[in-house]
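For reference, the structure discussed in these notes is given below.
The values are calculated or read from the model by the stated rules, or taken from the named source; none is laboratory data. Worth saying up front: this structure is predicted, and the values here are computed from it rather than measured. When we count neighbours, we look across all protein chains shown, and the Cβ atoms used for this are built from the backbone with ideal geometry, even at glycine.
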Amino acid sequence: MTSTKSFGRVLTVLAALFVSIGALEAQEFKIDEVPSVTAIAPAKLKPRTIVFSDHREDKLADAGTGLIRFEDWARERPLQRQLLSLYPDYVEPTIKVSVHGIPKTYVEKLHMYVVEARFLIGKAPGAIDLGRYTRLDVLEKIDPSIKHRRIDAEHAGPQADPQSAYNRHPNRRWCETEGSLCIESRYPLEGKLPIGIRLANKLEEGGKKISEFMEFQTEIRTLPSEEIERSGFAKLTGLDAPVSGVLEQTIFHVNQVMQFGKLLAVLQPYPADAGKTVATVFMTLAVETDVLERKKEFESVPVLRNLIPAQVLMGKSSFNSGSSISAGLPDYVRNRIRSIAGQFEQ
């Protein structure tokens, strides 16, 4: 009799657990792929649904990777270039090198991964505290696999790395803006990627080795009202509504693969209900073109044919795994924006 009651209690607990898990799954934001996020009117937004576009099918995008050449993006989408580059007047960096003792310069060509997302938040704009996203504990909830430590302006941009010189802000130092959070983040690549990288490094004769981790420095800040007013964010979102808040995350130093990254979350009131908010999130990642062109050296080694950088970067390799950066940019960015949407709703 006792064992029957105990078994019944176990069944009750398991049933409650499954109900809880089902409720959590039901609450998670789903992704709805669309050609253009900014063309979606607020009235067409559905609860707990993120309309999303990474423009991989755009006419500007490279057919093989889905990325857009920086120069094409800058020419065709000048407002995006102004607000989503490292800083408004950013151009592809001119790099000085020495070849057999002779100084030469070349332009570091870039390809852009451009993401737009939009979703409804069931709270009024004034009830959303963007400032909490300048806290380390909140950032680590968005992606627990990436670990962060706080840095200041003196440690922004490793002095020994030339990228720090190319990516300096022309009008100020990174990390010196009042109220900003500056962090150095480290992400160890997961799954089979480290094994593949070790093999690739053994076969590489000379040249820069591939690292088994991504390390990047980031400035995160909420924009003051005067900067919001003069920057034209309503034009960027395509919504005829006042901008109530902007969260900006700028990745100004990366140890490999990329030159910079930018995330903007723009909040505007939902026209039909003052108790709701429309959030439009933009994300750009500037990938070094020469990384995408590294193909022949991997294709010639059978075990590395699935480690071609462009395939790994875009999540099309058997080496991709997990839900963070190792999954490839498309999965990583979707998961990150889903986490941000969930955080906004809390």
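List of remarks:
- The criterion of being within 21 Å of the chain's Cα centre (by Cα), surrounded by 14 or more Cβ atoms within 10 Å (Cβ to Cβ) and without any contact (Cβ under 8 Å) to a residue 40 or more places away in the chain does not hold for Ser211.
- Residue match in the range 287-295 (condition: within 22 Å of the chain's Cα centre (by Cα), over 22 Å from Phe29 (Cα atoms) and of a type in the set (S, T, N, Q)): yes
- Applying the set (1) closer than 26 Å to Asp32 by Cα; (2) exposed (fewer than 14 other Cβ atoms within 10 Å of the Cβ); (3) basic (Lys, Arg) to Arg135 leaves exactly one unmet item: (1).
- Subset of the range 177-207 [farther than 21 Å from Ile325 by Cα and at pLDDT below 90]: Thr177, Glu178, Gly179, Lys202, Leu203, Glu204, Glu205, Gly206, Gly207
- Residue within the range 184-205 that is closer than 26 Å to Val266 by Cα and either within 19 Å of the chain's Cα centre (by Cα) or not aromatic (Phe, Trp, Tyr) (or both) present: yes
- Total residues in the range 163-210, condition of a type outside the set (S, T, N, Q), more than 30 Å from Ser300 (Cα to Cα) and not in a strand (DSSP E or B): 12
- None of Leu193, Leu120 is farther than 30 Å from Leu304 by Cα, surrounded by 17 or more Cβ atoms within 10 Å (Cβ to Cβ) and not acidic (Asp, Glu) except Leu120.
- Out of Glu28, Glu57, Glu108, sole residue that is surrounded by 15 or more Cβ atoms within 10 Å (Cβ to Cβ), modelled with pLDDT under 95, of a type outside the set (Gly, Ala, Ser) and over 25 Å from Asp240 (Cβ atoms): Glu108
- Of the helices (runs of 4 or more DSSP H) lying entirely inside the range 237-346, those carrying at least 1 residues that are β-branched (Val, Ile, Thr), touching a residue at least 40 places away in the same chain (Cβ under 8 Å) and under 30 Å from Leu45 (Cβ atoms) are 329-345.
- Residue within the range 211-229 that is closer than 21 Å to Ile95 by Cα and either assigned to a helix (DSSP H, G or I) or modelled with pLDDT of 90 or more (or both) present: yes
- If only residues of the range 31-47 that are among the hydrophobic types (A, V, I, L, M, F, W, C) and touching a Leu at 6+ places or on another chain (Cβ under 9 Å) are counted, the one that is surrounded by the most Cβ atoms within 10 Å (Cβ to Cβ) is Leu45.
- Considering the range 218-236, the residues that are among the polar types (S, T, N, Q) and more than 18 Å from the chain's Cα centre (by Cα) include one that is surrounded by the most Cβ atoms within 10 Å (Cβ to Cβ), namely Ser231.
- When the range 293-309 is filtered for residues that are under 14 Å from Ile210 (Cα atoms) and among the aliphatic types (A, V, I, L, M), the ones remaining, listed by number, are Leu304, Leu307, Ile308.
- Where Arg150 falls short, out of the listed (1) more than 23 Å from Leu313 (Cα to Cα); (2) among the charged types (D, E, K, R); (3) under 17 Å from the mean Cα position of the chain (by Cα): (3)
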